[in-house]
Amino acid sequence: MSWLQREAAEEQPPGQLWVHDLGGAGPSWRVQGVFELLANSPLGRWRWQLGEARSPALSLLEGRRRSAQLLVLVDEPSAGYTALMGVLQAAALLGNEPLAFLLDLSEDVARKMGAHIQTQAAALGLDHVHTVWVGEMEACAQQLGRTLLQMTGLRAAFLSGPLRLQVQAVLPGAGLAVRGELLQGSVAPGERVRLLPSGQVLVVRAVIGVGNSMPLCGDVVTLDLEGDAEVEPGDLISAANDPVESEDEFQVRLICDGRQTLSETADWQLCLGPAQRLRRVHVQELRADEQDPGRGLLARLRLDAPVAFEPSSALGPLRMFSLHEAASGRSVAAGMLVSPCRAASNIHRQAVSIDKQARAALKGQQPCVLWFTGLSGAGKSTIANLVEQRLHALGQHTYLLDGDNVRHGLNRDLGFSDAARAENIRRVAEVAKLMVDAGLIVLTAFISPFRAERDLARHLLAEGEFVEVFVDAPLAVAEQRDVKGLYRKARRGELKGFTGIDAPYEAPEHPELRLDTSRGTADMAADAVVALLLARGMLGAGDAATAASVRAAFAPVLHAPAAQAPQPRA
Ligand SMILES: Nc1ncnc2c1ncn2[C@@H]1O[C@H](COP(=O)(O)OS(=O)(=O)O)[C@@H](OP(=O)(O)O)[C@H]1O
Ligand SMILES: Nc1ncnc2c1ncn2[C@@H]1O[C@H](COP(=O)(O)OP(=O)(O)O)[C@@H](O)[C@H]1O
C-alpha cells in the first residue's frame with residue numbers, strides 16, 4: 001500500500017447528515033440513540049451535525065452547501081403546520097432537494113403529520129420527501145438508514161454527467177495529490193482533467209477510492225495527478241472537455257439569518273461548497289426581491305478571484321454558498337448563485353428571423369469551420385491560405401483566423417502555458433462559431449495542441465460543421481523548415497515550452513482529413529481539402545449552377561489518384 005493509499009483509506013469520511021431541528025430543543029435521547037445506531041450501522045457510517053436554529057431556508061442551504069443529506073427533526077406536535085410549510089418551501093426554493101423528516105411523536109400524530117407533509121410536498125412539486133417515525137430505536141435506525149441510502153442513491157443519477165470533483169485537501173508529499181468529493185461523473189486513470197478556475201489541464205495517474213470498487217458520486221476520492229499546477233482547496237476538477245465556467249461577479253439570492261441585517265459597506269467573506277475556503281467578497285446592489293419578498297434578498301457579488309460555478313446545476317457545492325463577517329468569521333447568510341454578471345447581463349436571447357440558414361442561403365453556401373491543426377511549421381497557414389484562395393475564386397464567402405494574427409489582437413494577453421493555449425483555442429472556437437452563424441466558411445490555423453480543446457470547438461458547432469484537418473509533418477521535417485527560427489531557439493534552450501520540443505502535441509485520432517505535408521506539395525494538400533468539401537456536398541449548396549461549376553473546376557482533383565493527393569481518412 002502506497003503512502004497515498006494508506007492516507008486515503010484512513011481518512012475516508014462517513015456520510016454527513018445535516019439536522020434542522022424544527023422545535024429548537026435539540027434531539028431527544030431517543031433520537032440521539034437512533035443516530036448512535038446509525039453511526040455504526042452497515043447502512044452507512046452516518047455522522048450527524050445539528051444546524052444552528054435559524055430560518056429553514058438558511059439551514060437547509062447550509063446543509064446542501066456542505067453536501068450533506070438533509071434531515072428535519074419534528075419533535076413537538078405544536079411545531080405547527082406553518083413551520084413545516086416553511087421547510088417545504090425552502091426545499092422547493094433549493095430545487096427539489098431530497099429531504100427526510102424524522103417524526104419524534106406519538107404514532108398517531110406522526111401518521112397524520114406524515115400524510116400532511118406528503119400532501120404539501122406533492123403540491124409544491126417535491127418528489128423526494130421522506131418521513132420516518134421514531135418508534136422502536138433499532139427499527140427506526142434501520143428505516144432511516146435505508147431512507148438515507150435512497151436519498152444518496154438519487155445522487156448516483158449524477159454518475160452519468162461530466163466529472164465534477166471539489167478539492168477539499170491537497171495532500172503533502174511527493175507529486176500532486178488531492179482529495180475531494182466526487183460530485184458528479186466518474187474518473188479513471190489516464191484521463192485528462194481540467195483544474196478550475198485556473199484552467200490547467202492535468203492527467204490522472206491513479207484514483208484511490210473506497211476499496212477497489214469504482215468510486216460513486218458522494219464518495220471521497222484521492223487523485224494522484226501528473227502535471228504541474230497550483231491547487232487549492234475549493235478548486236474544482238472537471239472533465240477536460242466539459243468544464244464548468246469560472247467567474248468573479250454574480251447575481252445572487254441571499255437568505256439572511258433573521259437577526260442580521262446586511263450592509264454593502266461591511267467586509268464579507270464567501271465560502272462556496274463544502275471546501276471551507278473563504279474568499280473576500282464585495283456585496284453590491286443589495287435589495288429586497290419585490291416580486292417575491294419571501295425568497296430573500298437579491299444582490300450582486302464581486303469576488304477577489306474567479307470561482308468555478310454552475311448555477312443551473314443540481315449540485316449544491318457548485319451554486320450554494322455561505323456568507324461570513326470578515327472580522328468575526330461568523331456566518332450571517334447563505335445564498336445561491338443565480339447567474340454570472342458578464343458585460344452582457346440583462347440581455348436575453350431573442351428568437352431572430354434571419355438565422356444561420358437564411359444568411360448561408362443568401363451566400364449560396366454551407367457554413368463550416370475548417371480546423372487546421374499541427375506542429376509549428378507543419379504547413380497550416382500555407383495550406384489554409386491556398387484553400388481560402390480557391391474557395392474565394394469559387395465565389396464562396398470565407399474568413400481565415402490565423403494563430404499569429406489573432407495573437408496580435410483578440411488574444412494578445414495570452415502566452416503559451418497550457419491554460420493560455422486552452423483559452424486561446426476557446427476564444428477562437430467561439431469566434432469561429434459566430435462566423436459560422438454569419439454564414440461563412442471559416443478556416444482556422446492554430447497549433448491547437450490539445451485534443452480536449454479541439455473537441456470543445458467541435459461541440460460548439462452543429463453536426464458536420466466542424467472539419468478537422470490534421471496537417472501532419474514529422475517533427476524532423478517541421479524543424480528542418482524552421483520558418484521562424486523558433487525550433488533553433490527552442491533547441492538552444494532560449495525558448496521554453498515550444499510545441500514538439502518541450503511542450504506536448506496531441507495528434508488528432510479521427511480527423512476528417514489528414515495531410516502528410518512531408519510527401520505532397522502545399523497545392524495538392526489544398527486541393528484535397530476542397531475535394532473533401534465537394535465530396536461532402538458542402539460547396540455550391542445554394543444553387544445547382546454554382547454546384548456544377550465548382551465540380552467542373554475541381555474535376556481533376558476529384559479524380560486524382562491517391563498517390564498525388566492525400567486522401568481523407570475513412
Ligand atoms: N512556445 C511556443 N510554442 C508554439 N508556438 C510558439 C511558441 N512561442 C511562439 N510560438 C509561435 O506562435 C505560433 C503558435 O500559436 P498558436 O496560437 O497557433 O498556438 S496554440 O495552438 O494556441 O498553442 C507558432 O506559429 P505557427 O508555426 O504558425 O504555428 C509560433 O510561431
Ligand atoms: N506540403 C506542404 N504543405 C505546406 N507547407 C509546406 C509544404 N511543403 C513545404 N512547405 C513549407 O513549409 C512551411 C510551412 O509554414 P507555415 O505554413 O507557416 O506552417 P504553420 O502553419 O505550421 O505555421 C512553409 O514555408 C511552406 O512553404
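Do any GluC sites (Glu not before Pro) in the stretch 443-484 lie in a loop, going by DSSP, with at most 10 other beta-carbon atoms within 10 Å of their beta carbon, and if so which? It would help to have the intermediate numbers written out before the result.
Details: sites: Glu453, Glu463, Glu465, Glu468, Glu479; in loops: Glu463, Glu465.
In loop regions of the stretch 443-484 (DSSP not H, G, I, E or B), the sparsely surrounded GluC sites (Glu not before Pro) are Glu463.
For Ala169, enumerate residues with amide H under 5 Å from its amide H, sequence gap 5+ or separate chain, H modeled in the peptide plane.
Amide H neighbours of Ala169: Arg179.
Where does each of 120-130, 357-367 land if you order them by average Cβ count within 10 Å, highest first?
Values: 120-130: 15.5, 357-367: 17.8.
In descending order of packing, they fall as 357-367, 120-130.
On the principal axes of its Cα set, how long, how wide and how thick is the stretch 356-558? Give whole Å, largest value first.
The Cα atoms of the stretch 356-558 stretch 56, 33, 28 Å along the principal axes, largest first.
In terms of Cα to Cα distance under 21 Å, which lysines are near enough to Lys433, apart from those fewer than 8 places away along the same chain?
Lys356, Lys363, Lys380
Amide H neighbours of Asp289 under 5 Å, at least 5 residues apart or on other chains, H built in the peptide plane: list them.
Sorted by chain and number, the residues that satisfy this are Leu298.
Please identify every one of the GluC sites (Glu not before Pro) in the stretch 486-531 that sits in a loop by DSSP and has no more than 16 other beta carbons within 10 Å of its own beta carbon.
On the way: sites: Glu494, Glu506, Glu509, Glu512; in loops: Glu494, Glu506, Glu509, Glu512.
Here the GluC sites (Glu not before Pro) that fit, given the DSSP loop and packing criteria, are Glu494, Glu506, Glu509.
Given N residues in the stretch 137-206, what is Rg(Cα) / (2.2 N^0.38 Å)? Each step should come with its number before you reach the end.
Details: Rg = 16.5 Å, N = 70, 2.2 N^0.38 = 11.1 Å.
This ratio for the stretch 137-206 stands at 1.50.
Name the long-range amide H neighbours of Thr517: under 5 Å, sequence gap of 5 or more, or other chain; modelled H, no Pro or chain starts.
HN-HN under 5 Å from Thr517: Asp472, Ala473.
Only the coordinates and a few stated rules stand behind these numbers; no lab work does. These figures come from a predicted structure and were not determined experimentally. Every residue, glycine as well, gets a Cβ built from its backbone with ideal geometry; the counts of neighbours run over all protein chains shown.
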